[in-house]
Amino acid sequence: MKRIAIFASGNGTNAERIMAYFSTNNAVEIRLVLTNNPNAGVLQRAKKFGVATLIFTREELYKSDKVVDTLLNKEIDLVVLAGFLWLVPSSILKQFPDRIINIHPALLPKYGGKGMFGHHVHEAVIANKEKQSGITIHYVNEHYDEGNIIFQATCDISNGDTSDSLASKIHKLEYAHFPVVIEKLISAN
Ligand code: GAR
């Protein structure tokens with residue numbers, strides 16, 4: 001049995017797709033959903049799937065062992081960031097080397113870094129008149145969006161696209177690929 005923890009700060013539609021995808025797989029358990037945001041939609045989505053949740057503060061994440069200890073106690077094999085907006089502290093990186101992955105809604109190394117999340121990414125891509133965007137799934141290190149790339153997929157941007165329409169193209173790519181990439185990674189290790 002492989003155990004996954006998902007970190008999300010917001011709505012959690014990717015987290016929901018991942019929980020749904022693995023709900024019929026006896027070899028993989030989504031064991032915990034963690035968030036820094038007590039109002040995050042992801043909490044209701046986790047409840048729907050009967051997945052345990054943990055809400056933590058900035059202080060608890062960066063100045064205590066509460067989060068890392070919970071991950072260790074729950075024997076987590078893979079940590080998945082799905083719309084999680086804070087840096088992962090080194091205490092967690094050290095315990096989970098090459099076992100923390102993130103999804104980013106653009107083709108890294110472009111359009112990454114601090115402040116580049118959600119609609120900010122899509123607005124920058126549209127403003128620069130890019131012809132393509134896409135998704136990047138990558139390992140997490142101590143810098144925003146800089147770890148080794150595991151997978152990318154692209155979509156075309158048409159003239160009439162707005163940041164909202166691009167966001168929905170990107171979400172479709174994320175839903176199609178993220179659970180499958182997670183499954184491949186977790187069954188290879
Ligand atoms: C996703 O598009 C994800 O790629 C992005 O936040 C969205 C979360 O949506 N992540 C980042 O921008 C990280 N820098 P969701 O809460 O509906 O899954």
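The values are calculated or read from the model by the stated rules, or taken from the named source; none is laboratory data. Everything numeric here is computed off the predicted structure, so don't read it as measured data. All Cβ positions, even for glycine, are placed from backbone atoms using ideal geometry, and neighbour counts span all protein chains on display. Protein only, heavy atoms only, side chains kept; ligands, DNA and RNA dropped before computing areas. Shrake-Rupley method; radii C 1.70, N 1.55, O 1.52, S 1.80 Å.
A few comments on the model shown:
- Of the candidates LYS63, LYS2, the single residue that is in contact (Cβ under 8 Å) with a residue 60 or more places away in the chain and over 16 Å from the mean Cα position of the chain (by Cα) is LYS2.
One line per residue, one yes/no per condition, for (1) within 22 Å of ILE149 (Cβ to Cβ); (2) assigned to a helix (DSSP H, G or I); (3) away from the ligand (no atom under 11 Å from the Cβ); (4) out of contact with any Asp or Glu (no Cβ under 9 Å at 6 or more places or on another chain):
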| residue | (1), (2), (3), (4) |
| --- | --- |
| ILE4 | yes, no, yes, no |
| GLU16 | no, yes, no, yes |
| MET19 | no, yes, yes, yes |
| GLU29 | no, no, yes, yes |
| VAL42 | no, yes, no, no |
| LEU71 | no, yes, yes, yes |
| ILE92 | yes, yes, yes, yes |
| ILE103 | yes, no, no, no |
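- Qualifying positions in the range 110-126 - within 12 Å of the ligand (Cβ to nearest atom) and free of Cβ contacts under 8 Å to residues at least 40 places away in the same chain: TYR111, GLY112, GLY113, LYS114, GLY115, MET116, PHE117, HIS120, VAL121, ALA124
- Condition check for LYS172: open to solvent by 70 Å² or more (accessible area, probe 1.4 Å), free of Cβ contacts under 8 Å to residues at least 40 places away in the same chain and closer than 18 Å to VAL28 by Cβ: no
- The range 127-153 - residue that is touching a helix residue (DSSP H, G or I) at 6+ places or on another chain (Cβ under 8 Å) and part of a strand (DSSP E or B) and, of those, nearest to the ligand (Cβ to nearest atom): ILE135
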